[in-house]
Every structure is written in C-alpha cells, then in structure tokens.
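Beneath this line is the structure, given in structure tokens, with notes to follow.
The values are calculated or read from the model by the stated rules, or taken from the named source; none is laboratory data. The model shown is predicted, which means the values in this text are computed figures rather than measured ones. No Cβ is skipped: glycine too gets one built from the backbone with ideal geometry, and neighbour counts run over all protein chains shown. For accessibility, only protein heavy atoms count, side chains too; no ligands or nucleic acids. Shrake-Rupley method; radii C 1.70, N 1.55, O 1.52, S 1.80 Å.
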Amino acid sequence: MMKQIFGKLPRKPSKSSQHEPNGDALNGNSFFDSSLGPNSLNSSKPGSAFKFSNSGSHLNGGTVSSHSSSSANSNQGKKTDPLASQAGLMLVSGIYEALPGFRDVPSTEKQILFLKKLNMCCVVFDFSDPTKNLREKDIKKQTLLELVNYISSVTSKFNELAVQEMTRMVSANLFRTFPSPSHDNKLLEIYDLEDEEPAMDPAWPHLQIVYELLLRFVVSPETDAKLAKRYMDHSFVLKLLDLFDSDNHRERDYLKTILHQIYGKFMVHRPFIRKVINNIFYRFIFETEKHNGIAELLEILGSIINGFALPLKEEHKLFLVRALIPLHKPKCASTYHQQLSYCITQFVEKDYKLADTVIRGLLKYWPVINSSKEVMFVGELEEVLEATQAAEFQRCVVPLFRQIGRCLNSSHFQVAERALFLWNNDHIRNLIIQNRSVILPIIFPALERNTSGHWNQAVQSFTLNVRKMFTDVDHMLFDECLSRFQEDELKEKEMQERRELTWKHLEDVVSSTTAASNEAVLVSRFVSSIAIATATATSPTPMVGS
C-alpha cells in the first residue's frame, strides 16, 4: 500500500535533467512558449545537439530565441500538450548545433524532431556582416532545406502544435520592416530605371528557403485549414501583405503565390484580404504613390475577380470605382498597367453594364502631356470596347470620340497611330458604323487635318483608310460632314484675316501716336483680341471702354 502511494508522488528530478553543466535551470515547456526574446550566440562544440542559454542577452552577430523566467512562470499553470512535454529541447549555454536528420530517427519521433527543427530555425541571424556566424548560418540553412523536404513527403496531418510552431518560425524570419530612407526617397527612381536590378538583400538566399517552406506548408494536403486559420490569422495575413512593399521582385513573386493559395484555402480570410488590399491601394493613390507590390497585388486580384459569382456584389462594384479606376492616376502607372487593364476588362466581361462607368473613368484620368501613358490608355480602351455592348457604347459615345479625335491629331505619331488602330478591331468598327451619324461629325475635322497636315506618313496613310471606310459606308453623311467642315474652315479663315487686319490697323495707330508724342504706348494683344472677337461676333456698335 505504501509503495503504491509513494509511486504516485512526483519523483525528484535528477541533476542531469534539472541542470545543465553551466548551472542554468531548464523549463520543460520552454521550447513551446511563443513569447521568446533575443539571446547571444557563443562558440559551439561539434557533435552536440542544438543548444542555447536562457540568459536573454543580445549580440549583433545573431539573435537566439529563448525564454525568460517570467514567461516560464506564467505558463506553469497552463495545461501543456502531451507532445510538448515529450519534445523537450536539449539546452546548453550558447551552443548552436545541427539536429539529427529525419532519416536517422524512427517514424514515431519524426514529429518531435520536426518541432525541434522549427524551433531551431526561429533563431534570426544578422546577414549584413558576411563574416559573422558562418557555421551557424549554414546549419540553419541545411535545417530549413530538411524541413522543406519533410513537408513535401509527410503523410500524416499536422497537429495544432506543429501549425503553431510553423507560424512562429515563419513570423520570426519573414516579418520585418524595410529601410525607410532609401525606400521612400529612391522608389520613384527605381520605377524609372526598370532595367537596373535592385541590390539583393544579403539574407535573401536564406529567406527564399523560408518562403518555399511556407508555400509547401500552405498547399500541403496534410495542413488542415480549420486548424491552421487559428494561427495564420488576420494579424499574420496583414503582416504578409505588408511584405509586398519589398523591392526584391523574387520575394514579391513568392508572396503573390502564397497569398493566392491562402485566399483559396482559407475562405474565412477572403473578405479581410480584399479589404487590406483596398486600403493599400487607397494609401498608394491618395497619399504616397510609392509601393513596390501593386503589380503583384493586381495579379492576385485578376484571378480573384475572374472567380466572382454573378450577379456582382455591390462591394465589388465599389472596389472597381473607388480603387481600380483611380489607379490610372499615379505617374508610375506604367509599372502595373498590364495587370490593371486585365482586372478592369474582367469586370466588364463579368457585367457589360459596367462598360460606361469604366470608359468614363478612363476619360477622367486621361493623361494630358504623357504620350507613352496615353498610348497605354488607348490600348486599354480597345480591350474595354471589345467587351462593350451597343447600349453602353451609345451612353458614352460623345465624350469618348471627342477624346479619340484629340488623339487622332496628336503630334506624337504613336498616339495617333494607336487611335487609328481602333478601326482594325471588327467589334469596335461595327459599333462605330452603327453610330456613325454621331461619331463622324465629331472626328471628321481631325481626319481631314491628318490627311493634309500630319507630319507622319504612316498616320496620313491610316487616316485615308479610315476616311475611305466612312465614304463607302455612308457617302451622303460623309459629303455632308465635308461640306460643313469646308464652311467652318472658310469662316475660320475669314475670322483670321479680320484679326490680322485689325491688328495691322492697331499697329498703325500706335505707330502714328508714338511718332507724334514720343511716348511709348503699351497695347495688350490678348485683351485686344478678345475685344475684336466680341466686336465681330456682335453688331458693329461702338464699344465703351471701362
């Protein structure tokens, strides 16, 4: 009876399990605590397991996650996962050593080893100094590669502790702030110098493996979405989206793929992801006009928009009007215009009634002095018009072809040429022919001026083709427009001659007055021209000066 009672009492821990050789006390749950602080790295002994101390000090050479006594005490009253108690980490002061490979342990111990390796990879090193902690960095890199292979080959579901430790390790390595001075001041220069490769982060070869590990973990069929969403929560997704501002396009490509997989796997996060992307766009458009990841975010949205169910929700239509269309405004729109145009076109293809809204939005942000941007706008306009139906086309035909007429007369030959190419599209040409009675009077002066006065031979040739098309389709309308144009040109010529005669008369009067009085007389050509125009437009009654 006494033996049974004493058998139930907790045994006194042995000295080897209670203390390490350096005398530091160990906490059996310390490996699994998420509130870890920085620590120092010291020299290591070969052949030992991964070990570090509880001192809580910090060195520039690297940062080691460890537990303070307060965090250990705060968790004493909490219930510990049975697996956590089995996976006690061997700790020795300041030693960072490789753990055994997954092939070297029995299958029953692989999950415990997986947790140990994840905790080992929570150590963050300083890569700005390539001479520090070379051996430790190499050990961590090899451990990360082992984890990638393990996740790709695992055949059992990841439990809650594995998901928690994976999320903690990824957060420790990836979530960081970017240097603000170079980011804020030189970002626009980066947009202009697209051919130049930005300097790569010295930690990128290390971070790339972490991204690959996260990607494989998210897409793994052994990752339960209902379980993982507790740790890959809104805070995790928000910090992941913040990383899209990285100036490393390789990192943004990984983020794009990972976020797309998260959006597909965690349905509960979908509204939040769209909301955060909206906020990023708003801040970019109306505040900073500085962000590296707009193209990648739009690429994700293109896939999301393609999957929208019909009829479209009001939320999605507001997103189009308030975020996507205003993205045409920033000066650096060329860096993401292809992805933006795809998103815009997807909306019109989903709901053809949005064509009028989109076209008027394009006209609102139409560039005035940026010819290369204007060429992009005409190209996007063609894609939108290709998905536009006749009823929506008629709603915006007048302001649309007023702008196209200005493009036809552009002195930049690529703008004029791109606008003339609209007639090569069968669908657009049919819409124009159906509405020729409205369109031809608007653009006829531009066509006539191009045939006689544009400096570029190709533009003249394309204009003659468009002109011939209208002649063949409706000769009477064409003759009527030609007659009206000739009358307007004659009136304009007469008006110009009257102006010249009036100016000559004023110059003669000024010359005679100056010669008589030897005093300079100042005549405002602008004010006088207004007066002349007013006098010729009204009856020839004497004007009273103010």
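A few points about this structure:
- Between F125 and T63, the built amide H atoms are under 5 Å apart, and every one of these is 5 or more places off in sequence or on another chain.
- Per residue, the solvent-accessible area of region 332-471 (1.4 Å probe, heavy atoms of protein chains only, all protein chains present) comes to 43 Å².
- Distance between the 7 Å Cα→Cβ label points at S107 and E492: 8.6 nm.
- Derived value for region 359-416: Kirkwood hydrodynamic radius 11.8 Å. Basis is the mean of 1/r over every pair of different alpha-carbon atoms.
- Loop-resident chymotrypsin sites (Phe, Trp or Tyr not before Pro) (DSSP state other than H, G, I, E or B) in region 332-423 with no more than 15 further Cβ atoms inside 10 Å of their Cβ: Y365.
- Cα lying deepest toward the dipole's positive end in region 403-521, options L477, N424, S461, charges on Cβ: N424
- Built amide H within the under 5 Å cut-off of D224, gap 5+: F158
- Solvent exposure, largest accessible area first (probe 1.4 Å, DNA, RNA and ligands not counted), of R402, R168: R402, R168
- Pairs spanning more than 29 Å between alpha-carbon atoms, out of K329/K493; K331/K493; K110/K132; K117/K229; K141/K331; K117/K256: K329/K493; K331/K493; K110/K132; K141/K331.
- The length gained by stretching the chain between L506 and V473 to full extension, at 0.36 nm per residue less their Cα-Cα distance, is 6.9 nm.
- Ordered from largest to smallest accessible area (heavy atoms of protein chains, 1.4 Å probe), the residues D426, D351 come out as D426, D351.
- Here region 207-259 has 48 percent of its accessible surface on carbon and sulfur atoms, given a 1.4 Å probe and all protein chains in place.
- When nucleic acids and ligands are ignored and a 1.4 Å probe is applied, V124 ends up with an accessible area of around 50 Å².
- Taking the accessible area of region 317-392, probe 1.4 Å, and keeping the other protein chains in place, the carbon and sulfur fraction comes to 50%.
- Percent accessible area from carbon and sulfur atoms, region 402-465, protein chains only, probe 1.4 Å: 47
- A Förster radius of 22 Å, combined with the Cβ-Cβ distance separating D224 from S152, puts the computed FRET efficiency at roughly 0.80.
- Extension gain for D126-F413 works out to 98.0 nm (0.36 nm per residue, less the C-alpha to C-alpha distance).
- Centre-to-centre, using Cα atoms only, region 452-479 and region 197-264 are separated by 55 Å.
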